[in-house]
1. With respect to V342, determine if the residue is under 23 Å from D123 (Cβ atoms), part of a strand (DSSP E or B) and modelled with pLDDT of 95 or more.
2. R627: of a type in the set (D, E, K, R) and in contact (Cβ under 8 Å) with a residue 60 or more places away in the chain, yes or no?
3. Residues of the stretch 444-461 being loosely packed, with under 12 Cβ neighbours inside 10 Å and assigned to a helix (DSSP H, G or I), which ones?
4. Among the residues of the stretch 462-485, which ones are among the aliphatic types (A, V, I, L, M) and assigned to a strand (DSSP E or B)?
5. Please enumerate the residues belonging to the stretch 666-712 that are assigned to a strand (DSSP E or B), hydroxyl-bearing (S, T, Y) and surrounded by 14 or more Cβ atoms within 10 Å (Cβ to Cβ).
6. Counting only residues that are among the hydrophobic types (A, V, I, L, M, F, W, C) and within 22 Å of N516 (Cα to Cα), how many does the stretch 51-107 have?
7. Name the residue that is surrounded by the most Cβ atoms within 10 Å (Cβ to Cβ), counting only residues in the stretch 498-517 that are β-branched (V, I, T) and either out of contact with any strand residue (DSSP E or B) (no Cβ under 7 Å at 6 or more places or on another chain) or assigned to a strand (DSSP E or B) (or both).
8. What are the residues in the stretch 72-107 that are touching a helix residue (DSSP H, G or I) at 6+ places or on another chain (Cβ under 7 Å) and of a type in the set (K, R), if any?
Amino acid sequence: MFKKLQVLFLLLSVTASALAQEENDSTKKVISLDSVLVVSYFKFNRVKTLPAEQGTFLFAGKKTEVIQLAQLPADIANKTGRQLFAKIPGVFVYDMDGSGNQINIATRGLDPHRGWEFNIRKDGIITNSDMYGYPASHYSMPLESIERIELVRGTGSLQYGAQFGGMLNYISKQGDTSKPFSFETINSVGSYHLISSYNAVGGSKGKFSYYAYYQQKSRDGFRDNEHTNSQAQFIGFTYQLSKNFSVHVEWARSKYIYRLPGALTDSMFYANPTQATRSRNYYSPDIHIPSVNINWQMSRSTKLQLISSAVLGNRSSVMFDKPTNVKDSINLSTLFYNNRQVDIDNYHSYSTELRLLQQYKTGRQRSVLSAGVQYMNNDLHRRQLGKGTNGSDYDLTLVDPAWGRDLHFKTKNIAAFVENKFQLLKNFSVNVGVRVENGETDLSGKINYYPANEIPVTIKHQFSLLSVGFLYKPSVSTEIYGGYAQAYHPMLFKDLIPTSTYELVDPNIKDARGYNSEIGFRGNWKFLRWDMSLFTLRMNNRFGTLTQTNETAVFYTYRTNIGNSLTKGIELFVQADWLINHKSGISVFTSTAFMDARYLEGKVKSGNSNIDIHNNKVETVPNCITRNGIVYKYRKFSASFLYSYTAKTFADALNTVQPVKSTGAVGLVPAYGLLDMNLSLRITNTAEVKLSINNLANKMYFTKRPSFYPGPGIWPSEGRNASVTVVIKL
């Protein structure tokens, strides 16, 4: 109670001082106060929604969630996805790249591979490597640098892109604006020789503010031969030319080298999930993201924003790239290992966005218009099938200078969007939006096993997408929202590249198109908070392969559109917070999604036959994902437990149950349930200690059977592991 009175007195004092100064000022100038941060250590972590308008974006009537990381009970150093997104219903977490490297998630039954169904941003800056060629986000910022995560589902997509998944925006920490210099250090140690150190400085002086960090991490893995070295750097400067005009310039980089232990077959996994089938396989993305962000408050009702940014860097790998059942052993004829395969992607992706938010009145109500133009110029240079060394280290040297594939995937695209919120009544608004894209992608280069005249391909990106939504507020504390938005998924590089002379690409292959629709009810009442929604996601022209025969009756694989799918689901989040007394309290929550994803029609290749998959379940979509937690707080101590359950899934569209024994690439992915614990203790106002124990029951499980990278087969997820983190802010 004493602390509450102190906070109240502070706020009253600041307010009274400002009012007195304003009253004594004969010129009646507006008094601008710097932000005051009031920290409450007895506060439960809650998922909030984005405001109706933020910056130059409109979020009214859309399903949005905001995760505050400051008090989140999660293993930040290891980027444990199920804990980070525990309160976001339906998030599927794909454990692929080793703990702590990248987060691979999806919602509503989409593909979680590197989050490529999302428009992924950092502080509003696009981080997807190439939105039209390979939209995976290889940039991997340390979560120690993130203040909050904003998620906008697919119905809000048209303002920033055409993705089915929506937007995932990581908002960075900023320097302390109350002093010229501040320092934060976050250090973690844990299982498998985890050592992580994050150090940041920031501050403000006059119109100038800055923030910079350096992170270094090293970790072995749950499995033999597994190891990660990672680092990240960032520096950003803001100059506030006036109260209404600012310029922010920054540069960010992330790099890691991951030693992959290789896929397993089912028999290997059940015999010993910690074993490795590879010791010479490495993967490493090195990504730079420079940007300039200009914000201009032109008037009380008009905001203008200009963002120009780039994704520059590479994604490299050197591997003995063979099926799981082919051992990587000494070649008896040479007495050396076999040569490995080298693959290198180079990204040169440039993006410029000009955005406007305009408020205006229609009668007595205030409506809002958001509009903008986005230009992209990308060059994805892909070199593959290089003959690497027979060594065991990370080495991209080629023993033969010729690449098996050497291709450029160049895209120029311009998009314009406009969305208007019509405030029809004081408590009811309707949004209408449209996005128009016009561009072209040119594929050129060579494939040593393919006719040169069949490689050049030009793909037109000419489409318009529509959206409509509404927001109704029956009371101050409740909202009913809903919407419909069309979406688009371009043909990716991998969909257009034949892997052998026995593959052909359909010259009339189409981009995937479809829509998101949803309706929900959210609000709060006394100790309860909730958000319940129904959704459907339709995807037409899904990509896949069929079998065909040529004029000489020889079978070949035909890459084309294989069918349409529909995903229906329920998303439910409920949290209840109880204050036991003035020193302690309990919070419980459930975050649950039920989904049914099925092919409406389609055929896929199986051997030399095409099999009808009508009514089959879409691969990697569980019927149920539920996460349930309890948090107990006593003064500055907090203890939380999280139980996560994911139902079984199929690895292929044929819904194969019995796994292929030789590789483990297809078959059922069993259901799994996991228990995590997180403890924290704030020692002083500037120091905190955290303990995370993941997978308390030491459950042996895996999340997916990938069909391509990091290799077909089973990739076991981690058993029990722990970490201790010390946070100091000065």
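The values are calculated or read from the model by the stated rules, or taken from the named source; none is laboratory data. Just so it is clear, the structure is predicted and the values come from calculations on it, not from any experiment. So basically every Cβ, Gly included, is an ideal-geometry build from the backbone, and we count neighbours across all protein chains shown.
1. On the way: under 23 Å from D123 (Cβ atoms): no; part of a strand (DSSP E or B): yes; modelled with pLDDT of 95 or more: yes.
Taking the combined requirement at face value, the residue does not satisfy it.
2. On the way: of a type in the set (D, E, K, R): yes; in contact (Cβ under 8 Å) with a residue 60 or more places away in the chain: yes.
The answer is yes for R627.
3. Within the stretch 444-461, the subset loosely packed, with under 12 Cβ neighbours inside 10 Å is 448, 451-453, 456, 458, 460.
Of everything in the stretch 444-461, those that are loosely packed, with under 12 Cβ neighbours inside 10 Å and assigned to a helix (DSSP H, G or I) turn out to be A452, N453.
4. Looking only at the stretch 462-485, we keep the residues that are among the aliphatic types (A, V, I, L, M), and these are 465-466, 468, 471, 476, 480, 485.
Once the filter is applied, which keeps residues that are among the aliphatic types (A, V, I, L, M) and assigned to a strand (DSSP E or B), the stretch 462-485 yields L465, L466, V468, L471, I480, A485.
5. Step one: filter the stretch 666-712 for residues assigned to a strand (DSSP E or B), giving 668-669, 672-684, 687-694.
This time we only want the ones that are hydroxyl-bearing (S, T, Y), so: 672, 680, 684, 692.
Those that are assigned to a strand (DSSP E or B), hydroxyl-bearing (S, T, Y) and surrounded by 14 or more Cβ atoms within 10 Å (Cβ to Cβ): Y672, S680, S692.
6. Of all residues in the stretch 51-107, those among the hydrophobic types (A, V, I, L, M, F, W, C) come to 52, 57-60, 66-67, 69-70, 72, 74, 76-77, 84-86, 88, 91-93, 96, 103, 105-106.
Filter once more, so that each one left must be within 22 Å of N516 (Cα to Cα): 52, 57-60, 66, 85, 88, 91-93, 105-106.
Within the stretch 51-107, residues that are among the hydrophobic types (A, V, I, L, M, F, W, C) and within 22 Å of N516 (Cα to Cα) number 13.
7. As a first pass, look at the stretch 498-517 and keep what is β-branched (V, I, T): 499, 501, 505, 509.
Filter once more, so that each one left must be either out of contact with any strand residue (DSSP E or B) (no Cβ under 7 Å at 6 or more places or on another chain) or assigned to a strand (DSSP E or B) (or both): 499, 501, 505.
Values: T499: 15, T501: 11, V505: 18.
The extreme case among them is V505.
8. Residue satisfying the conditions is K79 alone.
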